[in-house]
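Working notes, structure below.
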Amino acid sequence: MSDEPRIFVKICGITSVDDALVAAGLGADALGLNFVGSSSRRITVNRGREIIRRLPPEVLTVGIFRNESREKVVEVANTIGLRAVQLHGHETAEDTRWVAERVPAVIRAFSAQDPALERHEEFGPVRLLIDSPEPGSGHTFDWSRMDELAIGRPILLAGGLNPDNVASAVETVRPWGVDAASGIESSPGHKDPVLVRRFIANARAVPFSEQPQQAEPFDWDAEAGIRKDHLREEEETE
C-alpha cells in the first residue's frame, strides 16, 4: 500500500459481515454501523459486535447514533469495541463533550443548514461531518455553501455522494474525507461492490496535494490521546 496522503473514505450503513469485509478489502478507511431506530440500515448491537470482530484492526468502526441518551451511546460503544461514535441528531455541545471523554473518538454530524455550525468549537475537539438537510435521503446540498461557512477545520463531507459525483464534490469542497451510504447500494442496507469500488477510486482520483483543507492521513488512536489531554487541561483550569 502506498504511504502517499489520500482522502479518507467512510462507507456508512454497513449491515452485514460480508459487506463490511468487501468494503474494507476495497480500501475503505472507516465503516459506519447504524444504531438509529428509525433507519432502514439499523443493526442490532449483537450484529455490530459480530461485524467488528471480523474486521482488520486498521479499519475504523464508527457507530451512528441519533438523539440517543449519552449513557447509551457510551455503553454500546465500549461494550462492542467501536473505535468512534458519530452523533447525528440534536445532541448538545455539553453531551457531545461528555461522550468524547468516554469513547475513543467522536464525529459530530451537522446539516449544512444547521445554525449550530457557527458554534462548532463549543462541541470540543471532535471531527465534523457535514451532511444534507435530510441525512440518508441520497440528496446532495449546495456545496458552494461550504465557502460561506468558512469552518476552518477539516471536515467529512456527506449527503448524496455516489461514484458519479464524488470527484466533483472533492474538487469543489476540498474536504478531508467523504462519506457515502445510499449512493453505493443495490438496495437499502446492501452495498454494491462495483459501486463501492468506483466510489473509492473516484474519490481518490483527485490529487490529495491539491486539497489545501485536507490533513495528513488521520491517526485516530493518536487523536484520542490528544483529546484526553485537552479535556484534562480544561478540567485543571476550571
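Going from the fewest other Cβ atoms within 10 Å to the most, the residues HIS90, HIS190, HIS120 appear in the order HIS90, HIS190, HIS120. A simple packing score, the average count of other Cβ atoms within 10 Å per residue, orders the peptides 34-42, 172-180 as 172-180, 34-42, with the highest score first.
Throughout, read-outs are computed from the coordinates displayed, never taken from laboratory work. It should be emphasised that the depicted structure is a prediction, and the values quoted were computed from it without experimental measurement. Methodologically, a virtual Cβ is constructed for each residue, glycine included, from the backbone with ideal geometry; neighbour enumeration extends over all protein chains shown.
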